[in-house]
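Trainee: Just passing along the structure, written as structure tokens.
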Amino acid sequence: MTVAARRTFLKGIGAAGVLGALAGCGVPAAYVDASDRAAKDLSGRDKRLTFANWPLYIDTDDEDKTRRPTLDAFEERTGIDVRYTEEINDNDEFFGKISPSLMNHQETGRDLVVISDWMCARFVRLGWVQEMDRSRQPNVAEHLDPILRTPHFDEGRMFSVPWQSGITGIAYNKRRLGREIRHVSDLWADDLKGRVTLLSGLDEAFALLMQGDGVDIRKWTGDDFHRMCDRLEKRVSGHHVRRFTGNDYIKDLAGGDVLACQAYSGDVIQLQADDPDIAFVVPEEGAELWAESLMIPNLARHKRNAERLIDHYYDPEVAASLAAWVNYVCPVPAARDVLASSKDRDLAALAEDPLVFPDDTMRERLAIARDITSDERTEFARRWNSIVGL
């Protein structure tokens with residue numbers, strides 16, 4: 001399963017447009033005040049919780065795919081029964097599924113969900129998730145990667161905790177291209193005309209392209225966005241960009257139709273297993289570090305149980321087990337030492353992989369982009385979609 005299969009691209013104006021339309025039809029304001037977000041917590045007497053995640057985003061037993069070792073260990077240790085569902089296939093689709101309940105101050109039937117941080121930003125702005133009690137989460141407090149602690153939408157990470165993280169950078173075939181790529185601007189070289197793809201999704205694509213223009217993506221402006229679009233339009237009209245893709249860029253790159261592309265770090269680890277000539281680069285101008293994060297929706301009935309499960313996954317031993325299976329950027333740096341001490345050669349090697357545990361040089365180039373606000377989204381999505389052809 002690839003990162004791109006989970007990180008969906010924005011279709012039209014997406015769920016932001018839905019909210020705008022509802023507001024125009026006289027539906028009560030969607031924002032929920034902090035005093036109205038909590039329900040009576042049944043965790044003390046009701047040892048269960050419901051956890052909604054993306055497909056193939058947790059470790060499974062090689063002999064029995066119905067078993068999830070890290071989750072099973074939590075259940076055995078705590079006596080809490082976890083109903084684990086793989087129901088999230090698209091951020092906007094999931095938003096549409098649970099937003100009516102949240103908007104109308106009703107339970108969603110889920111105690112814990114994992115969504116991309118750009119969608120987490122929307123939930124936080126709407127007041128649709130509960131603040132976590134860090135006194136119940138000592139592992140999170142101690143082991144959460146400092147670089148992930150202060151996203152623009154949740155400065156103290158009190159409403160969200162990264163499940164896994166990743167990097168949007170550039171993948172290319174070293175052997176076929178015959179040279180290195182070190183900068184975003186290298187994508188625009190003459191010998192790559194018609195052999196470059198970019199990601200279709202606004203939220204997935206814009207940050208790296210801005211970084212190529214020298215923009216600090218932590219505090220980009222509308223002018224920065226439109227300047228980037230102006231330049232991109234010229235490259236598209238000049239047929240330099242072959243096409244805009246979802247996760248199908250993997251096939252293009254592996255097959256040789258494309259020599260370089262915007263890509264996700266997790267995908268490249270999988271590609272390199274079949275073709276060691278595939279390289280992933282964090283450009284010298286920088287790359288976007290993103291996360292898909294755990295959140296507790298409003299009126300969840302098992303909040304304390306959910307907080308305990310989140311903290312379980314921040315135990316370095318547990319985080320190492322999960323990282324070894326999913327191969328994304330691990331949000332628990334201490335898991336690296338656990339893997340490095342393994343007698344299993346492959347696990348020990350994973351500790352040295354900068355796409356799972358970024359080294360200091362790579363970390364200096366990584367930044368979390370300021371999210372697109374609700375006021376900006378309709379305008380920016382319309383411009384972006386006109387370029388991409390959506």
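The values are calculated or read from the model by the stated rules, or taken from the named source; none is laboratory data. This one's a predicted model, so the numbers in the text were calculated from it and none came from an experiment. Here the Cβ is made from the backbone with ideal geometry for all residues, glycine too, and neighbour counts use every protein chain on show.
Trainee: Failed condition for Thr66, given (1) of a type in the set (Val, Ile, Thr); (2) at pLDDT 95 or above; (3) surrounded by fewer than 16 Cβ atoms within 10 Å (Cβ to Cβ), with all others met?
Mentor: (2)
Trainee: Counting only residues that are in contact with a His (Cβ under 7 Å, 6 or more places away or on another chain), give me the helices (runs of 4 or more DSSP H) lying completely in the range 162-258 with at least 2 of them.
Mentor: Counting at least 2 such residues, we get no helices (runs of 4 or more DSSP H) at all.
Trainee: Oh, and also: List pairs: first residue in the range 309-334 and outside the structural domain of Leu271 (by TED's automatic domain parsing), second residue of a type in the set (Ser, Thr, Tyr) and crowded, with 22+ Cβ neighbours inside 10 Å anywhere in the structure, Cβ distance under 6 angstrom, at least six positions apart or on different chains.
Mentor: From the range 309-334, the pairs are Val329/Ser165; Pro331/Ser165; Val332/Tyr314.
Trainee: Which condition number does Thr60 fail, the rest of (1) farther than 16 Å from Leu309 by Cβ; (2) under 22 Å from the mean Cα position of the chain (by Cα); (3) not in a loop (DSSP other than H, G, I, E, B) being met?
Mentor: (3)
Trainee: Of the conditions (1) assigned to a strand (DSSP E or B); (2) within 30 Å of Ala38 (Cβ to Cβ), Ala319 satisfies every one except a single condition; which number is it?
Mentor: (1)
Trainee: Take the residues of the range 326-346 that are among the hydrophobic types (A, V, I, L, M, F, W, C) and at pLDDT 95 or above: which is surrounded by the most Cβ atoms within 10 Å (Cβ to Cβ)? Break it down stepwise before answering.
Mentor: Keep residues of the range 326-346 that are among the hydrophobic types (A, V, I, L, M, F, W, C), which gives 326, 329-330, 332, 334-335, 338-340.
Narrowing further to those that are at pLDDT 95 or above: 329-330, 332, 334-335, 338-340.
Details: Val329: 28, Cys330: 26, Val332: 26, Ala334: 17, Ala335: 26, Val338: 20, Leu339: 25, Ala340: 15.
That would be Val329.
Trainee: Among the residues of the range 247-255, is any touching a helix residue (DSSP H, G or I) at 6+ places or on another chain (Cβ under 6 Å) and not aliphatic (A, V, I, L, M)?
Mentor: no
Trainee: Test Gly96 against the criterion of being part of a loop (DSSP other than H, G, I, E, B) and small (Gly, Ala, Ser), and give yes or no. Break it down into steps so the answer makes sense when it comes.
Mentor: Values: part of a loop (DSSP other than H, G, I, E, B): no; small (Gly, Ala, Ser): yes.
Spelling it out, it is not the case that Gly96 is part of a loop (DSSP other than H, G, I, E, B) and small (Gly, Ala, Ser).
Trainee: Counting just the residues of the range 282-303 that are part of a loop (DSSP other than H, G, I, E, B) and charged (D, E, K, R), which one comes out nearest to Lys174 (Cα to Cα)? Give the steps one after another, and end with the answer.
Mentor: Initially, the range 282-303 is screened for residues part of a loop (DSSP other than H, G, I, E, B), giving 282-286, 296, 298-302.
Filter once more, keeping what is charged (D, E, K, R): 284-285, 301.
Working: Glu284: 17, Glu285: 20, Arg301: 52 Å.
Going through the qualifying residues, I end up with Glu284.
Trainee: Just wondering, is there one or more residues in the range 77-95 that are of a type in the set (A, V, I, L, M, F, W, C), surrounded by 15 or more Cβ atoms within 10 Å (Cβ to Cβ) and over 19 Å from the mean Cα position of the chain (by Cα)?
Mentor: Kept after step one, since they are of a type in the set (A, V, I, L, M, F, W, C), are these residues of the range 77-95: 80, 82, 88, 94-95.
The next check asks that each one be surrounded by 15 or more Cβ atoms within 10 Å (Cβ to Cβ); those that pass are 80, 82, 88, 94-95.
Restricting the remaining residues to those that are over 19 Å from the mean Cα position of the chain (by Cα) gives 80, 82.
Yes, the range 77-95 contains at least one residue that is of a type in the set (A, V, I, L, M, F, W, C), surrounded by 15 or more Cβ atoms within 10 Å (Cβ to Cβ) and over 19 Å from the mean Cα position of the chain (by Cα).
Trainee: So, one more: I'd like to know if the range 78-89 contains one or more residues that are part of a loop (DSSP other than H, G, I, E, B) and at pLDDT below 95.
Mentor: yes
Trainee: I'd like to verify a number: residues in the range 109-155 that are over 20 Å from the mean Cα position of the chain (by Cα), over 16 Å from Glu307 (Cβ atoms) and free of Cβ contacts under 8 Å to residues at least 40 places away in the same chain, how many?
Mentor: Qualifying residue count, the range 109-155: 0.
Trainee: Here's another thing I want to ask about it. For residues in the range 259-281 being in contact with a Leu (Cβ under 7 Å, 6 or more places away or on another chain) and not in a helix (DSSP H, G or I), which is nearest to Leu199 (Cα to Cα)?
Mentor: Gln262
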